[in-house]
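Take a look at the structure below.
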Amino acid sequence: MARTRNAVATREAPPARRSRKGPVTKTPEGISPSTQPELWTGPDRHLLDLDHVSTQEITEILRSTDGMKEVLSRRVRKTPALRGKTIVTLFFEASTRTRVSFEQAGKVLGADVINVTASASSVTKGESLLNTVRTLESMHVDVLVIRHPHSGAPYFVASHIDAPVVNAGDGTHAHPTQALLDLYTIESHLGGVAGKKIAIIGDLLYSRVARSNLWGLTKMGANVVVYGPPTLMPPELDNAEGLDGVVRAASMEEAVDEADVVMMLRIQRERQAAGHLPSMREYSRVYGLNARRLKLAKPGALVMHPGPMNEGIEISPDVAHGAQAVIEEQVANGVAVRMAVLYMLAARGASGR
Amino acid sequence: MAASRKGIAIIGGRVIDPSHGIDRVCDLLIENGVIEAITDGSGDSAIDGYEVIDAMGQVVTPGFIDVHTHLREPGEEHKEDIASGTLAAARGGFTTVCAMPNTEPTQDNASVLEWVVRRSAEVGAVRVLPIGAVTVGRKGETLADMAEMAAAGAIGFSDDGDPVVDANLMRQALSYASGLGNGGLAIMNHCQEPALTRGAQMNEGAVSNRLGLAGWPNEAESGMVARDIELAALSGGRLHICHLSTRQAVEYVRTAKKRGINVTAEVTPHHLTITDEWVLGHHGEAVAAVDVAAYDTATKVNPPLRTRDDVEAVIEGLRDGTIDMIATDHAPHAQTDKLCTYEEAANGIANLETAFASVLSLYHSGAMELPVLIERMTAAPARFLGRAAGVPLGTLEPGGPADVTVFDPDLEWTVNPDEFASRGKNTPLAGTTLKGRVTLTVYGGAIAHDFSRQGAAVDA
């Protein structure tokens, strides 16, 4: 797919440590001017994956996240930045972590957040996704956050409504805010991702977290090494997606060797039922991260996991809770990153309509 | 046609009738529903009293035959019925369509087939020949009453979108049907190994990986094609491969024909012309990033759109005769069946009205000679039907039914599904420009579609 290669070939040079002095637009109450993001400048005002977000926009989101972190560190964690805005989270899949993260992000910014879950909505009565979304839109939504078990569902929704759409995870496709929070977490520890070796290990075939991270990390200049069971590796991973800088490792040791970051993916038990894996015991022994393997990475290498973890399977408990793990920090950063995303989209929604 | 007229004279067109190797400018005379004569430079006296149609600059061929059509009646008339589907066929230049049995109730017994035949005679704009189910309810468990269905007019048997998975049942079906009709009737199998395509949404490859959609690998088709070829050899039956879509399957059929095995194959217009990159939206044009045009449910079809390499292979297979014929797999759906996520969307493309113009691009690009392309839509499917239709089809031989299609090979038009006669508006070609248009369809000596009259009014 030559066209995607073009996109990568023409990408901007990866930025060094992000500057805290960004361009200033209008200043919402409670957010300091130096951390104010530019309005969304992409071809559309949705966040569906990271392939359509420029490196500059990613940098701006991460810079804005700094400011949001500051808001979250205050004694009174509340700003009126999105007061009067309505954010709807529409979740067709169970997810405590991501839904609560979006909800908190919206509420800290002062927005009204309405949570709709599949079981509570009329979807179970056979109403179509489109009708559900149109009904919600008629109640005036400023940002729609959607998680859906079908890949592409947020794209379908975005093509049928005016409100900005944030993809909070679609099937086995993408999870862009997770990739952003991972980028943020890596940058905050290592000062940047350009030139860093990031090992992503596990089920690359079905992981929406991995897909979005591949876009985000390669755009920002990381060297990504992937490893997992051959049954769970996508075909033509290293060339067909136009993802420069992604290498398949031949072994766990090779993948982890001298890595700056080891990112473990959650293994779903249904992969075993579908014949991808013989057993979880064997998976753990061959593909799990333990202290011995982590020693192969750079001293102080970060250990990451999008959660929820299967401790003792893809990651041993001592590593999961060890000094190098930043897994809880990922969760905390998730709120700040989502604040930045919601703020950018809602601000655009205010001036762009 | 005015009652006082003697008949229809289509004059001055380039007549291509591959069944007789005819390819020259001449006149075609139609009388009493049959082809009266093909004459060179007939004078004014010869056409005196005929309704004269000037086909200068146009191409005159036998009416197209589609061996794989879904008319949805009985049971799903909100998607299509025999009247709307056959009108769509006439608009597309088809004078004979073979109706697949995924109806409700299923066309798995003589009484349903008889109903379809009777209904088609009443309301059909063109000829409808029914295909019976191989197994009861298309469930793949028990053979349906194929001999009774053959007597009721079945031209072949298929479980339609469901393959006959059980190898022994497939063997028995091939063997049993070989004793029906004149020289045996074909088992038309949709080759798809179900275990390899669980949850599959599109072709397995770079695009499916990029979109996170579960893949349908080529080998799920070619593996069953190989199996069925062996079973055809074993049973001595007639095997027909539906909508062949992969390079590997083309190779298996090519080899099988060299071995003398009784196998035929069809390919759809979409598998000949567009690729899985169309699932990314923008009519297959290169995109830097996936945007909201992606996951275009109009591209969801089974078997799925394949890669450029497969498209090249099926074109070559069609050109060299490995693939015998073009069949539309016309699959009309209601709007709500496609206005949903890709995973929820129904498979299928409403094809009848764009099929010919689509494949004519193979002629315009130089990939195929026009007479060869016409052969694949007329004489080849007619050979497949043999004597099952009861009358000679796919030919302009005098004395045969006057099924004639006239088209302007260079007329450009933009596809607007709202103008389709079909109730199915589901096509990935909406908004694209096609070159070549059917201008006149004559079925049984009567005009079934005239672009210059009702066509122009409706299509303007």
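The values are calculated or read from the model by the stated rules, or taken from the named source; none is laboratory data. Remember, predicted model here, so these are calculated numbers, not experimental data. Every residue, glycine among them, receives a Cβ derived from its backbone with ideal geometry; neighbour counts consider all protein chains shown.
General observations
- Of all the criteria given as (1) out of contact with any His (no Cβ under 7 Å at 6 or more places or on another chain); (2) more than 22 Å from B:T197 (Cβ to Cβ), the one not satisfied by B:L169 is (2).
- Each residue in region B:283-308 was checked for being more than 12 Å from chain A (Cβ to nearest Cβ) and within 21 Å of the chain's Cα centre (by Cα), and 7 pass.
- Among the residues of region B:87-141, just one is among the aromatic types (F, W, Y) and not in a helix (DSSP H, G or I), namely B:F94.
- Against the test of being at pLDDT below 95, among the aliphatic types (A, V, I, L, M) and surrounded by 15 or more Cβ atoms within 10 Å (Cβ to Cβ), the options A:L237, A:L265 yield a single qualifying residue, A:L237.
- Pick from region B:317-345, criterion hydrophobic (A, V, I, L, M, F, W, C) and away from every other protein chain (no Cβ under 14 Å), ranking: nearest to B:V225 (Cα to Cα): B:I323
- Being of a type in the set (S, T, N, Q), at pLDDT 50 or above, in a strand (DSSP E or B) and within 19 Å of the chain's Cα centre (by Cα) holds for only one residue in A:T65, A:T98, A:T59, A:T89, and it is A:T89.
- Just one of (1) over 18 Å from A:M252 (Cα atoms); (2) modelled with pLDDT of 95 or more; (3) surrounded by fewer than 24 Cβ atoms within 10 Å (Cβ to Cβ) fails for A:K295. It is (1).
- For region B:214-222, the criterion of being away from every other protein chain (no Cβ under 14 Å) and surrounded by fewer than 24 Cβ atoms within 10 Å (Cβ to Cβ) is met by at least one residue.
- Failed condition for B:A265, given (1) more than 14 Å from chain A (Cβ to nearest Cβ); (2) outside any helix (DSSP H, G or I); (3) more than 28 Å from B:L352 (Cα to Cα); (4) not aromatic (F, W, Y): (3)
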